[in-house]
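Notes follow once the structure below has been shown.
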Amino acid sequence: MSSIRGQRKFHCASKAYLGADSSGSIYGDIDVSQCLPHSSRSDIIQYFNPLPSGGNGGNSIDSGGGGSDAVDGCNVLKMDDFENRMDLTDDLLHMVFSFLGHTDLCRAAGVCRQWRTASAHEDFWKCLNFEYRNISATQFTEMCQRYPNATEINILGAPSIDTLVMEAMVSLRNIETLTVGKGQLGDAFFHALSDCHALTRLVICEASLGNGLQEIQVFHERLRHLQIVKCRVLRISLRCPKLETLSLRRTNMAHALLTCSQLRDLDIASCHKLSDAGIRSAVTSCLLLASLDMSNCACVSDETLREIALACVNLRVLNASYCPNISLESVRLPMLRDLKLQSCEGITSASMTAIAHSFMLEELELDCCGLLTSVSLDLPRMRNIRLRHCRKFVDLNLHSPLLSSITVSNCPALLRINIISNSLQKLVLQKQESLTSLSLQCNRLQEVDLTECESLTNSICQVFSDGGGCPILRSLVLDSCENLTMVGFSSTTLVDLSLVSCRAMTSLHLACPNLQQVQLDGCDHLEKASFCPVGLRSLNLGICPKLSTLQIEAPQMTVLELKGCGVLSQAIIDCPHLTSLDASFCSQLTDDCLSATAVSCPLIESLILMSCPSVGPEGLSSLSWLTHLTLLDLSYTFLTNLQPVFETCLQLKVLKLQACKYLTNSSLDALYTKGALAALCELDLSYGTICQSAIEELLACCTHLTHVSLNGCVNMHDLDWGSRGPCFSDLSTTDNPQNCHVSIEPADRLLQNLNCVGCPNIKKVVIPPLAHCFHLSTLNLSLSANLKEVDLACSNLNFLNLSNCCSLEFLKLECPRLTSLFLQSCNIEEEAVETAISHCNMLETLDIRYCPKAAIGMPQFEANFQQPFNVILDCFGPQSVIVQPFRLGVIRFIKHLQHMHELVSQSFVL
């Protein structure tokens with residue numbers, strides 16, 4: 001059966017050795033010698049012998065010394081001893097093993113007799129790799145005798161390579177690839193090469209060649225690939241009529257005589273001792289040469305290049321990088337396709353005349369050509385060009401239909417770029433500080449990045465607008481182009497535009513119907529902006545504090561943020577699908593603007609007008625157009641009358657009136673006397689000035705509210721829901737008392753979250769069962785400095801915050817589902833805490849930091865708790881807090897580190 005392994009055979013020496021590190025191999029990942037011990041012949045037979053050999057010390061499979069095979073020191077039971085055998089044919093096993101490396105084959109050999117025989121098949125050992133392995137001559141000889149048909153062998157870095165390589169050439173008559181190095185190779189080796197008739201590839205790395213100062217001669221009739229890399233030799237003479245590739249890279253010979261009529265690829269890079277005449281003689285003798293690498297050959301001259309161009313008419317690839325003496329003047333290479341001229345100090349703008357005659361040129365590299373000032377090329381096949389670190393480069397003019405890649409970077413003097421191409425799709429010209437003129441005729445260009453091209457002027461906008469030469473442009477980046485002042489684009493294809501940190505820009509006009517993303521961060525001086533039309537779905541202009549005039553026509557826009565546009569006075573917003581508008585702090589936004597927006601954007605659901613003092617009743621009346629409005633924020637405004645809101649916003653669910661200090665006590669009457677805003681769920685009256693009675697009426701009658709915020713209300717004194725039942729207001733104070741029902745069903749009160757943070761005058765909070773607050777789950781009374789009494793009976797309350805209520809004296813909790821209680825910085829007595837939490841059987845977290853009078857030492861009620869809970873203590877307070885052990889399980893100490901202002905958690909099992 002033909003070997004499948006042969007189809008994927010490991011060519012350990014087929015790769016070119018181009019300055020590889022001596023610490024490892026670059027030839028492959030299979031290493032036979034990992035399976036080899038370094039002691040005796042019997043060890044090698046033990047790994048690779050398919051059958052036991054005589055004199056193996058009782059390790060024979062048929063010996064009676066234990067009825068087992070000894071393979072690699074492991075006892076393997078006979079397959080006959082198993083009742084159920086793995087029935088695999090030899091052909092199937094051979095196919096499976098063809099996918100294994102040498103190390104795995106050695107491991108498989110220890111499974112059974114059949115596997116050992118199969119793993120040692122010569123099809124799997126065509127390549128013998130001993131690179132950097134300390135193999136002895138005896139072991140190497142045994143391996144060569146065991147596998148005489150091996151075709152590849154690698155002994156790079158092995159000891160005594162001269163002895164090993166001679167043994168290999170004598171024993172292995174089918175060698176096709178040979179890799180040697182890291183040692184001395186004498187004349188005998190080169191004389192014996194002609195006897196290796198099958199040899200086609202030879203690699204010699206970092207070796208000393210010859211026995212003296214004489215010439216090294218390599219004669220071989222079938223050799224096709226030869227590498228002599230980083231070797232020490234005086235002269236080299238090659239006569240290999242079938243040689244196709246030759247590498248002499250970094251070899252220090254002074255003369256090379258090449259008689260290789262079929263040579264097509266020559267690498268003489270970094271051959272510093274090879275003279276200009278020597279290079280000319282060696283290269284011009286290879287008439288069929290197609291690729292030449294002569295980089296780092298400092299002595300090469302234009303005369304040599306001219307001779308090479310005349311002799312090697314088929315030259316396709318030339319690498320002349322780091323050759324300071326060449327300028328390419330009067331050099332003609334019409335068949336050249338790839339030209340590398342990195343760091344060539346003699347290359348100037350005059351050199352482009354010679355390059356322009358290379359009509360087949362596809363790749364050109366001109367990095368670090370310090371004297372190059374301009375490049376003007378009209379090459380029909382040019383695909384890639386690189387120009388990096390050319391400090392005097394000023395002008396780039398390229399005309400090539402196939403041009404697909406341009407790399408230009410760190411050219412500080414570059415002023416002008418003109419590119420004509422039908423293939424270029426992406427252009428990146430970042431940090432070209434002097435670039436002022438850019439002309440593009442690129443029919444397939446889609447992405448352009450001109451970040452930090454600080455000298456670009458407003459005329460760049462014409463290049464990327466319709467008719468400017470980029471008909472399908474989709475992405476444009478002009479970040480940090482600080483010389484742009486008036487920017488305008490009219491493009492039907494532009495999708496993504498970035499103008500980040502264009503700080504000088506004052507005017508922006510975009511007529512891009514397919515534009516989906518625009519970045520304006522850092523555009524601090526933008527005053528006028530027009531987006532008519534655009535395809536944006538969301539837009540944030542709050543980062544433009546000087547914006548005064550705005551016009552938007554965006555049929556697909558749903559979210560618009562104008563938060564912080566404090567001088568915005570004129571705004572025309574035509575976004576029929578807009579659902580969210582945030583105009584916070586737009587202090588000059590007028591009623592006319594709000595009315596026009598409401599008419600043109602009827603689908604708005606969320607409208608934030610916080611700190612918009614210019615909005616008045618007329619603007620609020622226009623909200624009748626917004627039939628879907630559910631959230632309205634009028635915080636920090638000067639409103640005195642909310643009647644327009646009550647009459648127009650019938651679907652409103654959230655109303656925020658923070659710090660509306662001009663609202664009177666009767667401003668909210670319609671909520672609890674006329675049933676206005678029946679769908680309202682959340683009401684925020686924080687930092688307002690309405691009186692105690694108005695608050696009581698609101699909480700008593702608006703039972704449909706689920707979230708109420710009364711933070712910082714200075715006129716609220718008590719929250720006593722027990723003295724007069726659920727409706728605790730004085731009915732005589734209402735205009736229509738019959739609208740406030742004294743008898744309220746428990747299911748009617750839907751309050752879930754009540755926030756009374758920082759109410760300085762509140763003294764008592766009483767919520768008895770009679771209040772029917774069956775849904776109340778969160779109550780926050782923190783920072784209420786005068787609060788003294790808290791009496792709660794809420795069956796579903798799970799979060800209570802009384803932190804910084806420094807006057808708290810009485811605490812009574814009938815809250816069976818309470819899980820979190822915060823009493824930080826409270827002066828409440830220890831007994832009061834004990835009594836309060838004694839009925840909170842589901843408590844999980846108790847915060848008593850900075851409570852000098854409270855401690856946990858309550859074994860008397862330990863049976864009341866069904867599970868452990870966390871106690872948060874201050875271990876650095878004025879008094880020590882003693883935690884006595886009782887059946888709380890794990891108690892977490894969160895220590896307050898005053899000098900670090902952070903909490904550190906530690907767990908202790910008591």
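Any read-out appearing in this document is the output of simple, stated calculations on the displayed coordinates, not a laboratory observation. Quick caveat: nothing in here was measured; it's all calculated off a predicted structure. No Cβ is skipped: glycine too gets one built from the backbone with ideal geometry, and neighbour counts run over all protein chains shown.
I need the per residue convex hull volume for region 200-259, using only the alpha carbons, in cubic angstrom as a whole number.
Normalising the Cα hull of region 200-259 by residue number yields 68 Å³.
Could you grab the relative contact order for region 453-518? Cα pairs under 8 Å, six or more apart, rounded to a whole percent.
33
With +1 assigned to the C-beta of every Lys and Arg and -1 to the C-beta of every Asp and Glu, and no other charges, what is the dipole magnitude of region 432-550 about the Cα centre in debye, to the nearest 20?
440
Which whole-Hz couplings ³J(HN,Hα) result when phi for each residue of region 751-758 is put into the Karplus expression 6.51 cos²θ - 1.76 cosθ + 1.60, θ = phi - 60°, listed in order with x for Gly and Pro?
For region 751-758, the Karplus curve yields 4, 10, 9, 10, 10, 10, 6, x Hz.
From the P(r) of region 297-448, could you give the percentage of C-alpha pairs in the tail past 26 Å?
22
Multiply the residue gap between His357 and Ile572 by 0.36 nm, knock off their C-alpha separation, and tell me the result in nm, one decimal place.
Extra length available between His357 and Ile572 comes to 71.5 nm.
Using alpha carbon centroids, what distance separates region 613-686 and region 289-354, in Å?
Value for the Cα centre distance between the two parts: 81 Å.
On the Cα set of region 542-633, report Rg and Dmax in Å, please.
11.6, 32
Quick one: which residues, 5 or more positions from Gln519 or on another chain, have an amide H under 5 Å from its amide H? H modelled 1.01 Å from N in the peptide plane, none for Pro or chain starts.
HN-HN under 5 Å from Gln519: Leu497, Ser498, Leu499.
With r as the distance between the Cβ atoms of Ser587 and His509 and R0 = 25 Å, compute the FRET efficiency 1/(1 + (r/R0)^6) and round to 0.05.
After rounding, the FRET efficiency stands at 0.45.
What is the calculated FRET efficiency for Ile472 to Arg381, with r their C-beta to C-beta distance and R₀ = 22 Å, to the nearest 0.05?
My answer for the efficiency is 0.40.
Could you point to the residue in Ser490, Ile472, Leu450 farthest towards the positive end of region 414-556's charge dipole, with +1 and -1 charges on the Cβ of Lys/Arg and Asp/Glu respectively?
The Cα lying farthest towards the positive end belongs to Ile472.
Using unit Cβ charges (K, R positive; D, E negative) and no other charged atoms, how large, in debye to the nearest 20, is the dipole of region 240-365 about its Cα centre? Mind showing how you got there, number by number?
On the way: 11 positive and 14 negative charges, 68 e Å.
Its charge dipole is roughly 320 debye.
Of the listed pairs Lys661/Lys788; Lys431/Lys563; Lys764/Lys812; Lys340/Lys392, which have alpha-carbon separations greater than 21 Å here?
Working: Lys661/Lys788 27 Å; Lys431/Lys563 33 Å; Lys764/Lys812 12 Å; Lys340/Lys392 19 Å.
Check vs 21 Å cut-off fails for Lys661/Lys788; Lys431/Lys563.
Could you pull out every residue, at least 5 positions away or on a different chain, whose amide H is within less than 5 Å of the one on Cys196? Hs are placed 1.01 Å off N in the peptide plane, and Pro or chain starts have none.
none
Could you sort the peptides 92-101, 432-441 by per-residue average Cβ neighbour count (10 Å cutoff), highest mean leading?
Highest-to-lowest ranking by the protection proxy: 432-441, 92-101.
Rounded if a/c is under 1.5, else prolate if a/b beats b/c, else oblate: with a ≥ b ≥ c from the C-alpha gyration tensor eigenvalues square-rooted, which is region 127-208?
Working: a/c = 1.45, a/b = 1.05, b/c = 1.38.
It is rounded, given that a/c, with a ≥ b ≥ c, falls under 1.5.
For a protection proxy built on the mean count of beta-carbon atoms within 10 angstrom, sort 587-599, 818-830 highest first, please. Don't skip to the answer; put the middle values down first.
Working: 587-599: 19.1, 818-830: 20.8.
Going by the mean number of other Cβ atoms within 10 Å, highest first, we get 818-830, 587-599.
Using θ = phi - 60° and the Karplus form 6.51 cos²θ - 1.76 cosθ + 1.60, what ³J(HN,Hα) does each residue of region 382-396 get, whole Hz, x for Gly and Pro?
4, 10, 10, 9, 10, 9, 10, 6, 9, 5, 10, 6, 10, 10, 10
For region 298-364, just the Cα atoms, rotate onto the principal axes and tell me the three extents in Å, largest first.
The Cα atoms of region 298-364 stretch 25, 21, 18 Å along the principal axes, largest first.
How far, in nm, would the chain grow between Leu750 and His628 when pulled straight, counting 0.36 nm per residue and subtracting the alpha carbon separation? Spell out each step's value before the answer.
Details: separation 122, 0.36 × 122 = 43.92 nm, distance 2.33 nm.
So the chain would gain 41.6 nm between Leu750 and His628.
Counting Lys and Arg as +1 and Asp and Glu as -1, each charge on the Cβ, what is the dipole of region 115-201 about the Cα centre in debye, to the nearest 20?
That gives region 115-201 a dipole magnitude of about 200 debye.
Each residue of region 300-314 in turn: what ³J(HN,Hα) in whole Hz from Karplus with 6.51, -1.76, 1.60 and θ = phi - 60°, glycine and Pro shown as x?
Per-residue couplings from phi come out as 5, 10, 4, 4, 4, 5, 5, 4, 5, 4, 6, 7, 9, 6, 9 Hz.
Quick check on region 669-708: take the gyration tensor over C-alpha atoms, sort the square-rooted eigenvalues as a ≥ b ≥ c, and tell me if it's rounded (a/c under 1.5), prolate or oblate.
It is oblate, given that a/c is not under 1.5 and a/b is not larger than b/c.
With a cut-off of 8 Å between alpha carbons and a minimum separation of six or more residues, what is the relative contact order of region 611-716 in percent? Intermediate values should be presented prior to the final figure.
Values: 204 pairs, mean separation 24.9, N = 106.
About 24 percent, as a whole number.
Can you tell me the length gained on complete extension of the stretch Phe219 to Tyr662, counting 0.36 nm per residue apart and subtracting the Cα distance?
Gain in length upon complete extension: 148.9 nm.
Expressed as a rounded percentage, what relative contact order does region 327-434 have, with Cα pairs under 8 Å and six or more residues apart?
Reported as a whole number, the value is 20 percent.
R0 = 51 Å: FRET efficiency of Asn397 with Asn827, Cβ-based, nearest 0.05? Can you show the working numbers first?
Working: r = 83 Å, r/R0 = 1.63.
In this case the efficiency is close to 0.05.
Compute the distance in nm between two label points, each set 7 Å from the Cα along the Cα-to-Cβ direction, one at Glu844 and one at Leu100.
Each label point is offset 7 Å from its Cα along the Cβ direction, giving 5.6 nm.
What ranking do 711-718, 659-666, 240-247 get when scored by the average of other Cβ atoms within 10 Å per residue, highest first?
For the peptides 711-718, 659-666, 240-247, the packing ranking is 240-247, 711-718, 659-666.
Need one number: nm distance between label points at Ala198 and Asn761, each 7 Å from Cα along Cα→Cβ, rounded to one decimal.
With each label placed 7 Å out from Cα toward Cβ, I get 10.6 nm.
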